[in-house]
Structure formats: structure tokens, C-alpha cells
Amino acid sequence: MSAEAVHAIIDDIGSLLLFTMILIVAAGQIYRAIYAVAAQSLLIAVAAAVLATATGNSDLWVIAAITLAVKAIVLPWVLHLVVQRMNVRREVEAVIPIAATLALAVVIVVVSFQLSTSLGPVRQAITGNALPVGIALTLTGVLVMATRKTALTQMVGLFASENGIFFTAMAVTQGMPLIIEIGVILDVILAALVMTILVLRVRSTVDADIADLDRLRG
Amino acid sequence: MLTTRDRRILSAIDVTGSAVLLALTLVLAREVALGGPRAFGFLRVDDLGLVFLLLLVVLTLAVSIYTVGWLKQAVSVGNMKAELLRSYFALVHAFVATMVVTVLADNLGVLWIAMEGTTITSAVLIGYHGHHHGLEAAWKYIIVTTIGISFGLFGTVLIYAAAADVQAGAGAMSWSAIMDIAPRLDPGIVRIGFIFVMVGYGTKAGLAPMHLWLPDAHSQAPTPVSALLSGVLIKCALLGVIRFQTIAAAACGPEFPAGVLLTFGLISVVVATPFILAQHDLKRLLGYHSVEHVGIVALGLGFGGPVGTYGALLHVVNHGITKALAFFAAGTAIARYGSRDMRVIRGLLGVAPIGATLLMLAALSLAGVPPFSIFVSELMVLRAGIGNGHWVAIAIFLTMVVVIFAGLLHHASSMAFGETAAAASREREAWFPLLGMVLLAAIMVLLGLGIPASIDGPLRRATEIIVG
């Protein structure tokens with residue numbers, strides 16, 4: 001593949017990633033947010049495969065496979081299972097209206113692109129528009145975590161935010177060292193596991209949802 | 001023996017493990033003092049890491065000793081379930097292990113992975129009691145610090161991109177290799193990267209305004225875990241900040257990271273003050289106090305120069321030791337009165353003279369009274385600020401320190417003196433908690449009287465690493 005073709009494909013994937021992010025922000029039901037984040041992870045895996053063929057870096061194939069297996073299939077499936085098991089009636093529960101979050105997300109995207117055009121030479125070290133898209137995904141993921149009260153939506157935000165970081169990291173010319181990427185994925189899995197345990201424990205021991213926990217103040 | 005559930009055997013293994021860790025660290029410290037930094041793959045021990053490692057292992061040993069007695073009491077009251085003890089000890093040591101890796105990491109990716117590892121292990125420990133409050137604190141902790149730390153990862157990726165641009169190859173993620181090429185990195189991207197890292201690791205360090213999880217987590221965790229969280233964990237995050245500070249200082253001049261650190265430091269000191277004054281919950285008080293002291297360390301790093309940096313590193317050690325002692329003494333007092341409300345804890349001196357004395361010592365030291373160690377390091381930070389002419393920052397800092405001094409002494413003296421509350425247990429003081437506390441108090445007093453050469457050496461060389 002020529003360098004221009006890779007740039008074009010990465011930019012296309014980037015715009016699709018931003019689209020899935022908007023779906024996550026706009027999701028009024030937890031199922032939709034989970035499907036959107038699974039689709040997003042799938043796109044990340046495709047991006048890794050494209051970069052692997054383009055650069056001949058075999059590490060990226062491994063990352064593509066792990067991302068596909070863990071973030072596109074297993075984690076969404078676990079979330080899905082928890083939703084069923086807890087029989088979630090309360091859905092997304094936003095702190096501020098979803099329309100306002102969408103507006104904020106648009107601001108984040110614009111600012112990210114603005115910020116990265118101000119960077120000169122280093123842009124060449126990162127393929128295409130991966131840097132602004134990565135910053136936008138990370139910040140929007142954090143926005144989702146900060147503006148949603150229910151535990152599972154917050155976890156979806158975390159995965160989206162992690163996806164943004166991965167997208168930028170794999171587009172850096174050299175790619176991150178494989179062992180580091182695997183370590184990061186492992187941490188994400190463990191964090192998701194511990195969060196799930198906490199959610200279930202809160203449910204079983206104090207009979208409350210995470211969203212009801214607001215006693216600690218001052 | 002490994003399948004036992006006997007509390008005494010488990011505690012013995014715990015103390016032995018911590019003692020071995022201390023012994024190994026001392027050997028490592030000697031090696032480094034004689035032969036300079038040593039690298040082992042992703043890990044590397046230099047004097048900067050060594051300062052933090054020494055603090056970590058000393059506190060781990062003290063925590064293990066304290067836990068012996070604490071656990072006996074906690075099991076008898078029903079705060080800890082006897083059949084869960086094995087997983088408790090395993091988690092505490094996994095937590096300590098992730099902190100050891102954080103401190104020794106040379107590869108910035110490994111640093112991040114270990115940092116997130118500390119979040120995962122300690123989150124489980126914070127919610128260990130399974131109370132409503134504990135679980136709430138654990139959830140808040142894991143969500144806020146995971147948000148924060150993902151900023152840290154993004155900053156790491158950006159700085160890696162800058163380094164890979166200059167020098168291709170696997171070395172581009174190792175701190176020591178990046179330091180060699182740091183002056184040639186693109187300042188624009190390093191600036192953005194450093195701000196991301198500062199927010200990320202700053203969250204974990206408890207710098208305001210990202211500190212919201214800290215008072216909850218530090219106050220709801222089991223007391224030995226509180227001591228580790230407040231004493232070492234937030235310092236490990238500071239070490240992460242320092243590693244990136246040196247890179248940023250070399251790439252875009254020392255003024256930029258110093259300015260960022262000063263801003264966060266001042267905000268932390270100012271934000272913590274009203275909460276310290278108005279606090280009734282003893283462990284929350286100590287939590288807010290950590291926010292203040294992390295702010296002071298950031299101020300020292302921000303003022304910079306040899307004096308400010310040395311003062312900041314010394315403050316890391318001093319505050320770690322003192323805060324752990326304070327949590328121990330507070331935990332013992334809380335168990336005695338069955339309440340964390342400082343309005344209930346009265347006349348401690350009458351029922352537990354040694355514990356009350358230790359609590360007073362820790363409070364005096366935390367408030368910054370001479371001749372205790374924190375006074376010395378705060379003075380150094382002040383001197384560095386005056387030397388560099390940061391008058392506004394100095395004025396704000398001094399005002400807040402004076403206000404906190406008065407507030408803390410008021411809280412401490414009202415707990416120690418006066419008529420003993422009827423609710424207080426009049427049991428004799430238990431040995432093991434006292435032993436752990438006296439160990440820390442001795443170190444605290446010694447560090448106030450003078451800094452021994454074996455600690456001064458690593459501190460000086462670590463200062464050289466940061467200042468360059």
C-alpha cells in the first residue's frame with residue numbers, strides 16, 4: 001500500500017471512530033452504548049490490521065487479534081451479561097441532558113483538531129489524523145464517564161477512552177512495543193473485572209445501585 | 001503452611017516478607033551507592049527511585065508490624081472476617097509489589113502499567129470492609145483515578161511519539177534513553193504531553209482539583225491500607241510526575257514544568273485548608289492533610305533549584321513516615337472509642353497515654369512544629385521560593401500553613417486532653433500496634449534532628465538527577 005492510501009484509510013477509520021463515539025454519547029439505552037463501543041473496538045482492530053500490512057510490523061497483527069478478541073467481543077459480552085443479570089431498569093441516567101453532552105463532544109472534537117494543527121514536525125511521526133481523533137476519543141470517553149451516573153455507562157466511557165489512546169499509539173510510526181500494549185490491555189481487563197465485582201458487591205451487600213451512592217461528602 | 005488460615009501464622013509470614021523486602025532494598029542501596037544506577041531490562045534503579053523505594057519498604061515493614069495487633073482487634077470486633085484474611089494479605093502484598101515496580105520502572109509504559117496496577121489492587125482493599133461507605137469510596141476511587149490515569153497514558157504516548165521521531169528504535173520508551181535525547185525533542189508536543197501526564201499522575205497523587213477521591217478512599221480503607229495509600233502511593237505518583245518533569249525541563253526549558261507544578265501545588269494547599277478546619281471525621285482530616293502536603297511537594301519541585309528539589313524529596317520522605325504514624329495512632333484511637341468523630345474522642349491521654357502521646361507527636365509534626373522533620377523540609381521549600389522571588393506563592397503558602405497549624409493543633413489537643421469520654425474502652429494498650437508506631441516515631445524524630453549520611457547521599461544524588 002502506498003503511504004497516501006494508508007493515510008486515507010486511517011482517516012476514514014478515524015471518522016468512523018468519531019461516529020461511533022457520537023453514538024455512545026447519544027445512547028439513551030445502555031445496550032446501544034455497549035454495541036457502539038464494541039463496533040468502535042472492531043474498527044480499532046481493523047486499523048491495526050491495516051497498519052500491520054502497510055508497515056510490515058508483525059506486532060500489530062497480535063494487537064489486532066487481541067483487540068478483536070478482548071475489546072470487541074469479550075468485554076462487551078461481559079457487560080451485556082451484567083446488564084441481564086442485574087436486570088437493569090435504570091438506563092443511562094445522565095447528570096446533564098444528553099443534548100448538552102453532545103454539544104460538549106462537538107466542542108472537544110473541534111478543539112482536538114485545532115490543537116494538533118498547531119503542532120508542526122511531530123505530526124509526521126503519526127499517520128494521518130490519528131492524533132486529533134485519538135485526543136477527541138479520549139476526552140469524549142472521559143466526558144461520558146463524568147456525566148453518567150450508572151456504573152455500566154461509566155465503564156463504556158472508560159473503554160472508549162482507552163480506544164482513543166490505542167488508536168494514536170498504533171499510528172505512531174514505530175508502533176508501541178508489543179509487551180507494553182499487552183500490559184495495557186491486561187490492565188484494562190483487570191480494571192473492568194474489579195469494577196464488575198464492585199458493582200455486584202454493591203448490589204448484593206448494600207442493595208443499592210452505584211448511582212445511589214452519595215453519602216460521602218465534605 | 002501456605003494453606004493455613006491461622007491469623008498468627010499469616011501475620012508472621014507477612015512481617016517476614018516485609019523484613020526481607022527491607023533487607024533486599026538495603027543491599028540494592030549499597031550497590032547503587034558504590035556502583036551507580038543499575039539496569040535490569042525494563043527496570044532500573046537510580047538514586048531517585050531509591051529514595052522512594054526506601055520509604056516504601058520501611059513503611060511496609062511498619063504496616064506489617066502494626067497489622068499484627070490491628071488484625072487481632074479487627075477480627076474480634078467483626079470488622080474483618082477470619083476466613084478472608086488470606087486474600088487480604090495477598091492483596092496487600094500485590095499492592096506493595098505494584099508500587100515497587102512503579103518506583104523501579106525505567107520504561108515509561110511499564111511505569112503506567114504498574115500505576116494502574118496499584119489502582120486495581122488498592123481499590124479492592126479500600127472496599128474490603130464491605131460497608132456502604134467503603135464500597136462507595138472504592139467505586140469513586142477506581143473511576144476517578146482510572147479516568148485520570150488514562151490521561152497519563154495519553155501523555156506517555158505523545159512523549160513516546162516525540163522521542164520516536166528523533167530516535168527510532170525500542171529505546172524510545174525508556175526514561176534513561178529519552179533523557180539522552182530530550183533536548184532534541186519537539187517542545188510543542190512535549191508541552192501537551194506533560195500537561196496530560198500532570199493531570200493523569202496528578203490525579204493519582206491527589207493534587208487538587210483532581211483530589212476528590214482522596215479523602216473518601218483514605219478515610220474508608222482499613223487503617224494499614226490508609227497508611228500505605230497516604231504514605232507511599234501518592235508519592236509513587238509524584239515520582240511519575242518527576243520523571244516526566246525532567247524530560248519536559250530538558251525539552252522546553254525548566255520554566256514550563258515548574259509553572260505547571262506551582263499552579264497545582266498552590267491550588268492543593270489552598271483547597272485543602274477549609275476542609276481541614278471544618279472536619280469532624282479524624283481519618284478524613286488526615287486525608288485532606290495529604291492533599292495539602294502533596295501540594296507542598298509540588299511547590300518545592302516548582303520553586304526548583306537544588307534547595308527546592310532537595311526540600312521536596314525530603315518532604316516526600318518526612319510526610320510519608322509522619323502520615324503513616326498519624327493514621328496508625330488515629331486508627332487505634334478510633335477503635336478505642338468506636339467512633340471516628342473527633343467530638344467524641346476526648347481525653348485519650350487518660351486511657352491510652354502512649355498512643356495519645358504518639359498521636360500528639362504526629363499532629364505536631366504534621367503541623368510543621370520544630371524540631372520535627374516536616375518543619376525542616378517545609379523551611380527548605382520556603383527558602384527556595386524566597387530565593388527565586390516567588391513572593392505571591394510564598395505569601396499564600398505561609399498563610400495557609402499558619403491557618404492549618406492552628407486548626408490541626410486545636411483538633412489534636414481536644415482529642416488528647418480533657419475529660420475521658422464514657423464510651424471509651426479502658427483496655428490496656430496492645431503491644432504490636434505500639435511497636436509499629438514507635439518505629440516510625442523514632443525515624444521521624446531522628447530525621448528532624450539531623451539527616452544521616454546514608455539518606456543524605458541518595459537525596460543529594462537524586463536532586464542532581466532532577467536539577468541536571
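Out of all the residues in segment B:170-207, which are in a loop (DSSP other than H, G, I, E, B) and within 14 Å of another protein chain (Cβ to nearest Cβ)?
Result: B:Leu185, B:Asp186.
Can you tell me which of (1) of a type in the set (S, T, N, Q); (2) at the interface with chain B (Cβ under 10 Å from one of its Cβ atoms); (3) within 16 Å of the chain's Cα centre (by Cα) is the one A:Thr205 doesn't meet?
(3)
Answer yes or no as to whether A:Leu190 is surrounded by 22 or more Cβ atoms within 10 Å (Cβ to Cβ) and modelled with pLDDT of 85 or more.
No; evaluated as a whole, the condition is false for this residue.
Please work out which one of (1) more than 7 Å from chain A (Cβ to nearest Cβ); (2) within 26 Å of A:Ala146 (Cβ to Cβ); (3) among the β-branched types (Val, Ile, Thr) is the condition B:Val157 fails and give its number.
Every listed condition holds for B:Val157 apart from (1).
Given the options B:Leu313, B:Leu277, B:Leu285, name the one that is surrounded by fewer than 24 Cβ atoms within 10 Å (Cβ to Cβ) and not charged (D, E, K, R).
B:Leu277
Looking at segment A:1-101, what helices (runs of 4 or more DSSP H) fall wholly within it and have at least 3 residues that are among the acidic types (Asp, Glu)?
In segment A:1-101, A:3-26 are the helices (runs of 4 or more DSSP H) which contain 3 or more residues that are among the acidic types (Asp, Glu).
If I filter segment A:139-152 for residues that are farther than 24 Å from A:Gly183 by Cα, at the interface with chain B (Cβ under 10 Å from one of its Cβ atoms) and not in a helix (DSSP H, G or I), do I get at least one hit?
No, segment A:139-152 contains no residue that is farther than 24 Å from A:Gly183 by Cα, at the interface with chain B (Cβ under 10 Å from one of its Cβ atoms) and not in a helix (DSSP H, G or I).
Of the residues B:Ala335, B:Ala326, only one is in contact (Cβ under 8 Å) with a residue 24 or more places away in the chain, over 30 Å from B:Ile455 (Cα atoms), part of a helix (DSSP H, G or I) and hydrophobic (A, V, I, L, M, F, W, C); which?
Just a single option satisfies the conditions, and that option is B:Ala335.
Of the conditions (1) outside any helix (DSSP H, G or I); (2) crowded, with 17+ Cβ neighbours inside 10 Å, B:Ala39 clears all except one; give me its number.
(2)
Please indicate, with yes or no, whether at least one residue in segment B:245-255 is farther than 28 Å from B:Ile142 by Cβ and of a type in the set (D, E, K, R).
Yes, there is a match, as at least one residue in segment B:245-255 is farther than 28 Å from B:Ile142 by Cβ and of a type in the set (D, E, K, R).
Among the residues that make up segment B:321-330, is at least one of them more than 16 Å from the chain's Cα centre (by Cα), of a type outside the set (Gly, Ala, Ser) and surrounded by 24 or more Cβ atoms within 10 Å (Cβ to Cβ)?
no
Since B:Ser122 meets every condition but one in (1) crowded, with 24+ Cβ neighbours inside 10 Å; (2) free of Cβ contacts under 8 Å to residues at least 60 places away in the same chain, which condition does it not meet?
(2)
Given the condition within 12 Å of chain B (Cβ to nearest Cβ), β-branched (Val, Ile, Thr) and closer than 21 Å to A:Thr55 by Cβ, answer yes or no: does some residue in segment A:100-121 qualify?
no
Among the residues of segment A:169-187, write down those that are at pLDDT 75 or above and polar (S, T, N, Q).
Hits for segment A:169-187: nothing passes.
Scan segment B:130-146 for residues that are surrounded by 22 or more Cβ atoms within 10 Å (Cβ to Cβ) and within 7 Å of another protein chain (Cβ to nearest Cβ) and report the count.
8
For segment B:342-445, which fully contained helices (runs of 4 or more DSSP H) count at least 3 residues that are under 24 Å from the mean Cα position of the chain (by Cα) and β-branched (Val, Ile, Thr)?
Filter on segment B:342-445 gives B:373-387, B:391-416.
Given the conditions (1) over 20 Å from A:Leu152 (Cβ atoms); (2) touching a residue at least 40 places away in the same chain (Cβ under 8 Å); (3) touching a helix residue (DSSP H, G or I) at 6+ places or on another chain (Cβ under 6 Å), which single one is not true for A:Ser41?
(1)
Quick check on segment B:42-99: of everything there that is at pLDDT 95 or above and among the polar types (S, T, N, Q), which residue is surrounded by the fewest Cβ atoms within 10 Å (Cβ to Cβ)?
So, considering only residues that are at pLDDT 95 or above and among the polar types (S, T, N, Q), the one surrounded by the fewest Cβ atoms within 10 Å (Cβ to Cβ) is B:Thr98.
The values are calculated or read from the model by the stated rules, or taken from the named source; none is laboratory data. The structure presented is a predicted model; accordingly, all values stated were derived computationally and were not measured. We place every Cβ from the backbone using ideal geometry, glycine too, and count neighbours over all the protein chains shown.
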